[in-house]
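Colleague: So that we are looking at the same thing, I have put the structure below in structure tokens.
Please treat every number below as a calculation from the coordinates, not as lab data. Since the structure is predicted, the reported quantities are computational estimates derived from the model, not experimental observations. A quick note on method: Cβ atoms are made from the backbone with ideal geometry, for glycine too, and the neighbour counts reach across all protein chains shown.
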Amino acid sequence: MFSIAAALAVCAPGPRDHCVHDGDTVWLEGEKIRIADIDTPELIGACEYERALALRARNRLIQLLNAGAFEIARTGQDRYGRTLATLHRSGRSIGAQLGATINEFSTDETLGNDSNTAVPTERAVVGFLTRDKMGTGAFVPPTGTTAERTTGDNLFTGALRFNTSLVTWEGYNGTQWTGIGGGNPWVTKTNSDSPVTVAANDRMFIDTTGGAVTANLPGSPLVGDEVSFVDLASTFDTANLTIGRNGNKIMNQTADMTVSTEDAGIKLVYTGATYGWKLVQNF
């Protein structure tokens, strides 16, 4: 660990021992070090913009080095006899931090500035995606119809999207698209809503006080889609719930299901075209 005895400043003309020459070259206790993981613009650059960036790099390097002790990882020498090394503090490369400053990159893992000019670094992108930096808003995944699903070489296991045709979340398991667990908010349906159109992962309180209710299952379900129904008013024994199969089997039968048990609560899961909907919970 290298601790700076005196603050670094811009190198003056004459012998050099402890100073910063430019954005990638520094003298430390008489050793001339070329920072290996950054290549900053030249002070005698070809244009005014390059020279301005070079000054910004040099000034920022002075700030970074004077911020506290750092590690020097030497890797050899360049053709000019300078020591090649990377400088680190708390596991982070000072060269990388400097690059973010002078190249107008952003290291902000929250991407909070919503900038149209700052380019996020790899670390910023990884942090945004994997280190809980997205904030408290909403993340919008790819959204589209069934026909617009990704296919071929662009489709990978673990893909996630919202299917607007089926009004449900879906994921690709390596073989096929399947519905994703959970469920939609509970809603109440009555005889006046009958026949009820059921979507994937719907959860319904069925009130048959005013008469029987028919609820038609999704016509194009995905494997893993679930639906739930609860006898809200304890009246299924006198006014039944009919679950319309809508072209798919229910309990391996090509017939609608009639629920006539008072206080019944059931959950069905779609297993595929061969066996259709299966009862997985009776509550």
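Colleague: How high is the relative contact order of the stretch 61-212, given as a whole-number percent (alpha carbon pairs under 8 Å, six or more residues apart)?
Modeller: Computed over the stretch 61-212, the figure is 10 percent.
Colleague: For the chain, what is the mean residue ellipticity at 222 nm derived from helices alone (per DSSP H run of n ≥ 4: -39500 (n - 2.57); sum divided by total residues; nearest 500 deg cm²/dmol)? Before the final figure, lay out each step's value.
Modeller: Working: 3 runs with 36 residues, N = 283.
That calculation yields -4000 deg cm²/dmol at 222 nm.
Colleague: By the 4.7 Å beta carbon criterion, which cysteine residues of the chain come out unpaired?
Modeller: CYS47
Colleague: If you restrict to DSSP beta bridges whose two residues both lie in the chain, what percentage is antiparallel, to the nearest 5?
Modeller: Taking every DSSP beta bridge with both residues in the chain, the antiparallel ones total about 60 percent.
Colleague: Using C-alpha positions alone, give me the convex hull volume of the chain per residue in cubic angstrom.
Modeller: Roughly 215 Å³ of hull volume per residue.
Colleague: A follow-up question, please. Nothing charged except the Cβ atoms of Lys and Arg (+1) and of Asp and Glu (-1): what's the magnitude of the dipole of the chain about its Cα centre? Round to the nearest 20 debye.
Modeller: On the way: 23 positive and 31 negative charges, 137 e Å.
Value, rounded to 20: 660 debye.
Colleague: Return, for the Cα atoms of the stretch 19-103, the radius of gyration and Dmax in Å, separated by a comma.
Modeller: Calculated on Cα positions, Rg and Dmax stand at 12.3, 36 Å.
Colleague: On to the next question. What FRET efficiency would be calculated for the residue pair ALA73, SER115, taking the C-beta separation as r and a Förster radius of 35 Å, to the nearest 0.05?
Modeller: FRET efficiency, ALA73 to SER115: 0.65.
Colleague: For the stretch 226-243, in order, what is each residue's ³J(HN,Hα) by Karplus, 6.51 cos²θ - 1.76 cosθ + 1.60 with θ = phi - 60°, in whole Hz (x at glycine and Pro)?
Modeller: Per-residue couplings from phi come out as 10, 9, 10, 9, 10, 6, 5, 9, 6, 10, 5, 6, 9, 9, 6, 9, 10, 9 Hz.
Colleague: If R0 is 41 Å, what FRET efficiency do you get for GLU31 and GLU122 from their C-beta distance, rounded to 0.05?
Modeller: FRET efficiency, GLU31 to GLU122: 0.85.
Colleague: Please give the length that would be gained between THR274 and SER234 if that part of the chain were fully extended, namely 0.36 nm times their separation in residues minus their C-alpha to C-alpha distance (nm, one decimal). It would help to have the intermediate numbers written out before the result.
Modeller: Numbers: separation 40, 0.36 × 40 = 14.40 nm, distance 3.35 nm.
Length gained between THR274 and SER234: 11.1 nm.
Colleague: Calculate, in nm to one decimal, what THR143 and ALA199 gain on full extension: separation in residues at 0.36 nm each, minus their alpha carbon distance. The partial results should precede the final answer.
Modeller: Values: separation 56, 0.36 × 56 = 20.16 nm, distance 1.70 nm.
So the chain would gain 18.5 nm between THR143 and ALA199.
Colleague: Taking +1 at the Cβ of each Lys and Arg and -1 at the Cβ of each Asp and Glu, which of VAL126, SER165, LEU279 sits farthest along the dipole of the chain towards its positive end, judged by Cα position relative to the Cα centre?
Modeller: VAL126
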